[in-house]
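The values are calculated or read from the model by the stated rules, or taken from the named source; none is laboratory data. Quantities reported herein were computed from a predicted structural model and do not represent experimental measurements. Cβ: placed from backbone, ideal geometry, glycine included. Neighbour counts: every protein chain shown.
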Amino acid sequence: MGVKGVSRAAAAVLLAALIAFSGGRAAGQPLDVPNTAGPLITDTAVPTAKGKFALQPFFTLSFMQGNFTANGARRSAGGDFVSFNLPVKFIYGLAQNLEIYAVVPYVHNWASQVKEPGPGDNRAAEFGGLGDISVSLKYQLLKETQWQPTVSALFSVDFPSGHRYGLNPGRLGADALGAGAYAFTLGANLAKWLGPVYVNANLWYSVAADSPGAVAHRQSGPLLIPVHGRDQINGNLAAEYGLTTRWVALLEFYSSWEVGPVFGRSHEPTSILLGIVPGVEFIFSPRWSCALGVALDLAGENSPYAYTPIFSMIFNF
């Protein structure tokens, strides 16, 4: 099965899971949701209680393996590329059923043994700094009952705070820390206790603003030309299974499809990325828990792929 076939199958699985959320549970099962740390990539649907604050750092280390071609084949990355990402999520219950959270990431990239060297035959580089900051609002529309899932609406804004322009060729791309454009996301988060499994799902649509990312050379000097990226659909699905009162097994599916865009035109090629995250969670107390997993990019088109260990802790105040 090709990548497009895999992506259609993945979309069908996600859609089936979303539809299943509207179904009920076996009679006699409790409605109480088990205590978990929450997924690593998939966003939760239940907002933080009014006036409550939570802090969640993520420690990720991506080992770039290569790139998926237009037909889904794997191609070498042309060197050793590693990226450390430390996004810190600040979560606050702004009002009843309304949560606001901001994600502030630190990014550090390394490149070594690069086959296509930079100026001066440079084959290694590193660079670190602030990545793109995002701010999100999550509002719960429906509360979970015996027959219906929790349903929340999400709106997010990504700010181009990461270093993107004036890149140094000698740094071999390691100094690219952001997307270089504002992005706006609207979507839905769902959650359902399908005992003995707790399921969360996301379906988001993102629109990017123009990015002055292309350089044209003229007599008076270089000129940055606006580039309009494609819109993106993200579909995530996570299942948590309580092994004991403290240990929880985690399995996630994540995906992104570039489409459109709805506004404007884009000459960028479309990309697809599909992957899974097997993991485990440990609950120290209702106020402190952690999760460990590995994101495995399995299939795609016109996109890089990597293997990324992820460790996260969440502190509730």
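Observations on the structure shown:
- Matching residues, region 250-282, being of a type in the set (A, V, I, L, M), within 16 Å of the chain's Cα centre (by Cα) and under 14 Å from ASP231 (Cβ atoms): ILE272
- Residue tally, condition over 18 Å from ALA73 (Cβ atoms) and of a type in the set (Ser, Thr, Tyr), over region 280-306: 2
- Criterion (out of contact with any Ser or Thr (no Cβ under 7 Å at 6 or more places or on another chain), modelled with pLDDT under 95 and over 28 Å from VAL197 (Cβ atoms)) met by exactly one of GLU268, GLU258: GLU268
- Matching residues in region 263-305 - criterion: being within 22 Å of VAL107 (Cβ to Cβ), crowded, with 21+ Cβ neighbours inside 10 Å and out of contact with any Leu (no Cβ under 8 Å at 6 or more places or on another chain): LEU273
- Selection from region 47-66 of residues that are surrounded by 14 or more Cβ atoms within 10 Å (Cβ to Cβ) and more than 18 Å from the chain's Cα centre (by Cα): PRO47, THR48, ALA54, GLN65, GLY66
- Of all residues in region 120-137, exactly one satisfies the criterion of being buried (at least 17 other Cβ atoms within 10 Å of the Cβ) and more than 22 Å from VAL88 (Cα to Cα), namely ALA125.
- Qualifying residue in region 92-113 (condition: more than 24 Å from ALA49 (Cα to Cα), among the aliphatic types (A, V, I, L, M) and modelled with pLDDT under 90): no
The rows are residues; the columns are (1) within 25 Å of THR60 (Cα to Cα); (2) of a type in the set (Ser, Thr, Tyr); (3) surrounded by 14 or more Cβ atoms within 10 Å (Cβ to Cβ).
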| site | (1), (2), (3) |
| --- | --- |
| GLY118 | no, no, yes |
| TYR139 | no, yes, yes |
| THR145 | no, yes, no |
| GLY173 | yes, no, yes |
